[in-house]
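The values are calculated or read from the model by the stated rules, or taken from the named source; none is laboratory data. Treat the numbers as computed from the prediction; the structure is a model and nothing was measured. Don't worry about glycine lacking a Cβ; one is built from the backbone with ideal geometry, like all the others, and counts go over all protein chains shown.
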Amino acid sequence: MNWSSDASVGDWFIDGLRPFHAHRVGSIVPAGFDAVTRIMHPIDSGNERDKWTWAAVAESNGRIAHRNMQLHNIATPSGEAPRHDERRGWYVWEGDLPAVEMRALGTLLQTFTQPDSFCVFGVWIGYGGMEIPSATLDALMRIPNRDHALLVGELGDLDKAWRMLGRQSPNLWWPADRSWSVVSEIDFAWTYVAGTIAIIEAIEASPALEAYRVTYDDDHTVNGDLINR
């Protein structure tokens, strides 16, 4: 696992994005994949050992779990008007796929990845706790409003990448053949994975992950939940 000084490996990703301010899944996830799923980061009630799925929180408040649900909506009891700045005591990891779910996803993706294939791991440079070489800082992957430093290794090095990034999951990862792509946008409480139908179906069938099929046209903002209003 090494820091990269070649930002061009991410050109395909940048070229595949819709305008950032379009506020669509396609603004975050590059085009060209058969399907995209949204992995929800676990929710807790102030105690990290007390993890809840988004579906369970929705059910507890008489709300509906669906692909575009937003936490402030499902955290508000049915019949009350949600506020986008009010989560009613629920906490969630933003921009960081928790280690348990990250490892489960990595293990699953290993099945669909060529052995010994190199993978690229990107991290937003605004985080602390990382020692990024100057050569890498001079060759950042510049997504609109998000500059990323890149690491190159194998998918089996995911845990090593996690440690090198200060116990932060990579914000971006993909293999050399670009058969899938993982995106944990820094402000989102979920992670998108794009790939083949087989990959996405396997993720959505995994008991370790809570995932919902989305489309490139879906609104990813706080206004995207049109059901729980």
Candidate set: the stretch 198-218, residues that are assigned to a loop (DSSP other than H, G, I, E, B) and not charged (D, E, K, R); chosen: the one surrounded by the most Cβ atoms within 10 Å (Cβ to Cβ): Leu209
Number of the exception - Thr53 against (1) in contact with a strand residue (DSSP E or B) (Cβ under 6 Å, 6 or more places away or on another chain); (2) at pLDDT 95 or above; (3) of a type in the set (Ser, Thr, Tyr); (4) more than 20 Å from Pro175 (Cβ to Cβ): (1)
Residues satisfying the stated conditions in the stretch 98-127, i.e. within 18 Å of Ala202 (Cα to Cα) and hydrophobic (A, V, I, L, M, F, W, C): Val100, Met102, Ala104, Leu105, Leu108, Leu109, Phe112
Flag if Ile28 is modelled with pLDDT of 95 or more, outside the structural domain of Ala194 (by TED's automatic domain parsing) and not small (Gly, Ala, Ser): no
Arg229 being in contact with an Asp or Glu (Cβ under 8 Å, 6 or more places away or on another chain), closer than 23 Å to Arg63 by Cα and either touching a residue at least 12 places away in the same chain (Cβ under 8 Å) or in a loop (DSSP other than H, G, I, E, B) (or both): no
Any hit, the stretch 151-171, residues being touching a Pro at 6+ places or on another chain (Cβ under 8 Å), under 15 Å from Thr191 (Cβ atoms) and either part of a strand (DSSP E or B) or not assigned by TED's automatic domain parsing to the domain that holds Trp12 (or both): no
Top-ranked residue of the stretch 95-119 - restricted to ones that are part of a loop (DSSP other than H, G, I, E, B) and of a type in the set (Asp, Glu), ranked as modelled with the lowest pLDDT: Asp116
Cβ pairs under 8 Å, 6+ apart, first in the stretch 199-213 and farther than 19 Å from Trp52 by Cβ, second of a type in the set (Phe, Trp, Tyr) and in a loop (DSSP other than H, G, I, E, B): Ile199/Phe112; Ala202/Phe112
Residue check, Ser181 surrounded by 21 or more Cβ atoms within 10 Å (Cβ to Cβ), touching a Leu at 6+ places or on another chain (Cβ under 6 Å) and at pLDDT 95 or above: no
Given (1) of a type outside the set (A, V, I, L, M); (2) part of a strand (DSSP E or B); (3) surrounded by 15 or more Cβ atoms within 10 Å (Cβ to Cβ), number of the condition Pro82 does not satisfy: (2)
Checking Ile143 against (1) out of contact with any His (no Cβ under 8 Å at 6 or more places or on another chain); (2) modelled with pLDDT of 95 or more; (3) surrounded by 19 or more Cβ atoms within 10 Å (Cβ to Cβ), the condition it does not meet: (2)
Exclusive hit being at pLDDT 95 or above, part of a loop (DSSP other than H, G, I, E, B) and exposed (fewer than 15 other Cβ atoms within 10 Å of the Cβ), set Gly46, Gly62, Gly89: Gly62
First in the stretch 144-163 and more than 13 Å from Met130 (Cα to Cα), second anywhere and among the aromatic types (Phe, Trp, Tyr) and in a strand (DSSP E or B), Cβ under 6 Å, 6 or more apart: Arg146/Trp124; Val152/Phe118
